[in-house]
Amino acid sequence: MIARLASGLLLILAVALAHAQSVSNGQALYASTCNSCHGTPPLGGPELAANNPSLIRQAINGTVPGVNTAAMSFLRGVYSDAQLADIAAYVGSIVSNGPPAPPTPAFDYTDLWWNPSESGWGFNIIQHASNNIFGVIYTYAAPNVPMWFVLPGGTWTSPATFTGNLYRVTGSPGSRAFKPGDVTQVGNATLLFSGANNATLTYSVDGVQVTKAIERQPF
């Protein structure tokens, strides 16, 4: 009788913990560190981790028998058990119900954006009908040496937050033959909108992080 009671209590506890998991938080964590390699819906391993955070921990620690997970070693010590449970719950929601609909941004942010106190550089945002964003940072590497960075798409992790990989584009002079291979990933970029006309742009280039307040450029 006592053994049955204990088993029942453990079952209730397991159900309560499962309900406490945050699928939305797991989606945000997955988008920030997993999506670039495994995609959505997840492929190449994480689809097996549906509601199984211990398997994710084993993969991070490189202890999955017969599987080389060295590429995930950068996540060691990054996520708590609760966060891994959220990721596993998110993967479970995809496996059982299909991918959840991405967050819908509150506004159309298409425009030229800048910092009024820092003229000479800016950020161009094109928001497509799908709500995916293509962004271009135009700035300078040195006086009179233009430098371009592009954000060719990414993920809405909330209705006000967009993040994706950032690339340096050097391109070919218009007077010469096109030279491929002049696009290099240098980091990532995140836009945090605080309304229809204001945002914070955070991006990294070769390990150096920059944060700028930007707003729509008036005409």
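The values are calculated or read from the model by the stated rules, or taken from the named source; none is laboratory data. Computed from a prediction, not measured in an experiment: that's the story for all the values here. So basically every Cβ, Gly included, is an ideal-geometry build from the backbone, and we count neighbours across all protein chains shown. The area values use the complete protein model at the heavy-atom level, side chains included, leaving out ligands, DNA and RNA. Shrake-Rupley method; radii C 1.70, N 1.55, O 1.52, S 1.80 Å.
Computed quantities for the displayed model
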read-out	value
Protein accessible area in the chain, 1.4 Å probe - carbon and sulfur %	60
DSSP H segments from the chain that extend 20 Å or more along their own axis, Cα-based, with Kyte-Doolittle mean of 0.0 or above	2-20, 81-97
Protection-proxy order for peptides 166-172, 61-67, each taking the mean of Cβ atoms within 10 Å per residue, highest first	166-172, 61-67
Only Lys, Arg (+1) and Asp, Glu (-1) charged, at Cβ; segment 138-219 dipole about Cα centre in debye	160
Given charges at beta-carbon only (K, R positive; D, E negative), |dipole| of segment 52-181 in Debye	500
Added length on full extension, which subtracts the Cα-Cα distance from 0.36 nm per residue, N51 to N165	38.2 nm
Rounded accessible area per residue of segment 122-212, 1.4 Å, Å²	55
Accessible heavy-atom area order of Y90, Y138, highest first, probe of 1.4 Å	Y138, Y90
Approximate spin-label separation A71-Y138, in nm, with each point projected 7 Å along Cα-to-Cβ	3.6
Charge dipole magnitude, Cβ of K and R +1, D and E -1 - the chain, Cα centre, debye nearest 20	300
Förster-model FRET efficiency, 22 Å R0, T33 and S130, C-beta, rounded to 0.05	0.40
Centroid-to-centroid separation of segment 140-219 and segment 45-80 [C-alpha atoms, Å]	31
Sites S22 and L43, calculated FRET efficiency, Cβ-Cβ separation with R0 22 Å, nearest 0.05	0.40
Area of T190 that stays accessible when all protein chains are in place (1.4 Å probe, Å², to 10)	40
T104-V210 FRET efficiency (beta carbon distance; Förster radius 45 Å; 0.05 resolution)	0.95
Positive-end residue, the chain charge dipole about Cα centroid, Cβ charges, pick of P42, G195, T63	T63
Heavy-atom SASA rank of K179, K212 (probe 1.4 Å, accessible area, largest first)	K179, K212
Per residue convex hull volume, Cα atoms of segment 60-138, in Å³	208
T211 accessible area, 1.4 Å probe, all protein chains in place, Å² to nearest 10	80
